[in-house]
Amino acid sequence: MSQLILFAIDIGAVVLLVFGLYFPRHRRRDLVVAYLGVNVGVLAVASALSASNVGAGLGLGLALFGVLSIIRLRSTELDQHEVAYYFSALALGILGALSTTSVWLSAGLMGLILVVMFLGDHPRLLRHYRHQIMVLDSAVTDHVTLVAQLEQLLGARVHVATVQRLDLVNETTVVDVRYSVKGQTTRATATPAKAGAAR
């Protein structure tokens, strides 16, 4: 009976994770199916293995390997917060399948995952910080000059500027920029003249 309660708590938790946190904040429909599928799939596999003679550790290891392979061999780009949602859905499924002496312990751990994701992915957390990969229409070899040019284009304070590619023939610079803005609006959302933002 306690196992069925854990199943119900897991389903409720993953629904809250996907439809209460992820989708309202990021609006990516294809990952909704992925998160639900990962959670229910791990829940089913781990439950079946815990009821058989096969070692649960082996089964969980295979499940983790499978999810990591999916993430590694993905055809579309995933941001780090989307990978975090993957592992949260996975962890909820494992906690829902494992038999413990206390149902409330597993339920509490599931709640902890939801709280951490709610706070860690909150739009107001570090909201002034941005990250972009920019393509400049000039080859800038001096770091100080590069930072000054980026701050002028973005209208923000640049914290880190890492050059990914410097093309002296075509006069382009691809740079990974980490910066912060003071207000709610930022010029980084628009593409500056003769400079492209790839991210």
Extension gain, Val83 back to Ala44 (0.36 nm per residue minus Cα-Cα distance, nm): 11.9 nm
Linear extension gain, Ser102 paired with His131, 0.36 nm per residue minus alpha-carbon span: 6.1 nm
Accessible area, probe 1.4 Å, largest first, for residues Leu92, Leu49, Leu112: Leu112, Leu49, Leu92
Trypsin sites (Lys or Arg not before Pro) lying in DSSP loop within the stretch 111-174, provided at most 10 other Cβ fall within 10 Å: Arg124
Residue-span extension gain [His159 to Val116] - 0.36 nm each, minus C-alpha spacing: 12.8 nm
Two-decimal Rg/Rh across the stretch 1-44, once Rg and the Kirkwood Rh are taken from alpha-carbon atoms: 1.04
For the stretch 154-169, Karplus couplings with θ = phi - 60° (6.51, -1.76, 1.60), whole Hz, Gly/Pro x: 8, x, 8, 8, 8, 9, 9, 10, 10, 6, 8, 8, 10, 9, 7, 7
Karplus 3J(HN,Hα) series, Hz, for the stretch 104-115 with 6.51 cos²θ - 1.76 cosθ + 1.60 (x for Gly, Pro): 6, 5, 5, 5, x, 5, 4, x, 5, 4, 5, 5
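The values are calculated or read from the model by the stated rules, or taken from the named source; none is laboratory data. Only a predicted model underlies this, so the values are computations on that prediction, with no experimental measurement involved. Here the Cβ is made from the backbone with ideal geometry for all residues, glycine too, and neighbour counts use every protein chain on show. These area figures cover heavy atoms from the full protein model, side chains too; ligands, DNA and RNA do not enter into them. Shrake-Rupley method; radii C 1.70, N 1.55, O 1.52, S 1.80 Å.
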